[in-house]
Structures are given as C-alpha cells and as structure tokens.
Amino acid sequence: MFTVIEGLDGSGKSTQVQLLETELSEQGKTFLHIKLPDYESPSSALVNMYLAGEFGTNASDVNVYAASAFYAVDRFANYLTKWKQAYESGTDIIADRYTTSNAIYQLAKLPREQWDAYLSWLSDFEYGKMGIPQPDKVIYLDMPIDISQKLMSKRYAGDESKKDVHEKNILFLEQCREAAMYTASKWNWHIVSCVRQGALRSREEIHEEIMRIYQAR
Ligand code: ADP
C-alpha cells in the first residue's frame, strides 16, 4: 500500500506523518517514510533554484511544464535510489508530498480551461512515461490559508524572508487550494479538514481521522 499525505505548506503534513509513524511503529508495522522534494540530494537542484526565485520571483513566471519536470525528476531519482526495492517487495510506503503536489502548485498557475489537459499530461508523464509508482491512496489535509500562514510565521519566527516563492504569495496559495479541491475530486483524494466551525482541530483528532482512512483497505 502506497499512501501519500498531501496539503499546502503548514497544513500539518510533517506533524501527521510523524503521528502516523509513531502509531504504526507501536503496532509493530513495517513501512518506509519518504519526504519529497529530496532536499538532501543533488536531484533537487533545479527545485531549489526555482523555489529560491532564480527563474523568476513569482511562481507564475516559471513555465508550468518545466517546473513540473524539476519536481518529477527529483522523484524519479529518489524512487530509484531510495525506495524502489522496498516498494517492489511489498513494503508499505508513506510519502509526504508526491506527484500530487504538481497537481496543486503547478495546476494553480494555469487557466481553468487547461486543468484537465495538465492533469492528463502529469499522470501520463510521471506514472506512465517515467514509470514511478502511482499512489493507492492520497490523504489531503485541508487547512485554510490564513491559518497555515500563521502556523508558518510561527515556524519561521516572524522572518517572512524565509518563505519560498510559493509560500509568500497569498493569492497564489488561495488558487492552489482551489486547484487541490479540483484534483481531489478528479483523482479521488480523501480530504481531511483541519478546521471545524472555524477552529483548528487538535493534532490528535486529525490523526485519528487519518488513521481510519489509512487503515481502510
Ligand atoms: P507541513 O509539514 O504541512 O508544512 P507542519 O506539520 O510542519 O506542516 O505544521 C506546521 C506548523 O503547525 C508546525 O509548527 C506544527 O507544529 C503546527 N501544527 C500542525 N498541526 C497542528 C494542529 N492541528 N494544531 C496546532 N498546530 C499544528
């Protein structure tokens, strides 16, 4: 079983992957956790240049298909060197971000009438032509932008300059959230809402919902 935890930055992915890992370890389950992009590896060089604004300080300045390819080749390299063997031998894989992130951040840069064509291209490019695995389950953490921005500002201790080209453009992030909702319905993602009646749900409550989705086979 290959599960992806998706969400915009600051939506709680790392927190939730960690809670999931702890619970699965306590149950004695074996699994492999991967986190993408692989910033430790030279395979993420172009992603880093893009996020640092070297191709344009607005994410929308950078060609969608080129930017998508930067992330795709990083995943390809990461798959071949770090988890292909485990995946093929049947180990459960949990990924923090994946191809599905292109279907949010890059999709959001395109006009609506091109969304379907982009999603078909993306799926064919990464899962078809490049041949990296397609996830069995995608769990999308839906966090309103104003809340994730506050959580991230805390993370960066008020230093807004630490945010990358995606993170600092609120309007763009709103478009990303819309793009995510669109892809979620087309690609059958499980949506976990991180707020209830305007208030942030606790990490544990969100975790319980994720655990239920994770375990349903
Ligand atoms: P991501 O990996 O999606 O960028 P993180 O897991 O790093 O997000 O979470 C962003 C910040 O929000 C962290 O400081 C984290 O501790 C905090 N956080 C995550 N989920 C919750 C929650 N449900 N309630 C309160 N704070 C949270």
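The values are calculated or read from the model by the stated rules, or taken from the named source; none is laboratory data. Small disclaimer: the values here were computed from a predicted structure and weren't measured. As a convention, Cβ positions derive from the backbone with ideal geometry for all residues, glycine included, and neighbour counts pool all protein chains shown.
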Exercise for the section: Being in a helix (DSSP H, G or I) and within 12 Å of the ligand (Cβ to nearest atom) is the filter here, so list the residues in segment 133-151 that pass it. Expected result: I147, S148, Q149, K150, L151
Handout entry: Check on G53, surrounded by fewer than 18 Cβ atoms within 10 Å (Cβ to Cβ) and at pLDDT below 95
Key = yes
Handout entry: Conditions (1) out of contact with any Asp or Glu (no Cβ under 8 Å at 6 or more places or on another chain); (2) in a helix (DSSP H, G or I): number failed by E40
Key = (2)
Practice task
State whether the residues of segment 76-95 include one that is within 16 Å of the ligand (Cβ to nearest atom), closer than 23 Å to C176 by Cβ, of a type in the set (G, A, S) and part of a loop (DSSP other than H, G, I, E, B).
Solution key: no
Fill in the blank from the handout: The condition from (1) loosely packed, with under 14 Cβ neighbours inside 10 Å; (2) in a loop (DSSP other than H, G, I, E, B); (3) of a type in the set (A, V, I, L, M) that L171 misses is numbered (2)
Practice task
Can you tell me which residue within segment 1-50, out of those that are crowded, with 18+ Cβ neighbours inside 10 Å, under 18 Å from A67 (Cα atoms) and of a type in the set (S, T, Y), is farthest from the ligand (Cβ to nearest atom)?
Solution key: S43
Problem - Pick from segment 152-168, criterion within 11 Å of the ligand (Cβ to nearest atom) and assigned to a helix (DSSP H, G or I), ranking: modelled with the lowest pLDDT - result: R155
Completion exercise
Quick count over segment 180-217, residues being surrounded by 13 or more Cβ atoms within 10 Å (Cβ to Cβ), free of Cβ contacts under 8 Å to residues at least 60 places away in the same chain and either of a type in the set (S, T, N, Q) or away from the ligand (no atom under 14 Å from the Cβ) (or both), is 5
Completion exercise
Of the conditions (1) within 19 Å of the chain's Cα centre (by Cα); (2) on the phi < 0 side of the Ramachandran plot, the single one that P42 does not satisfy is (1)
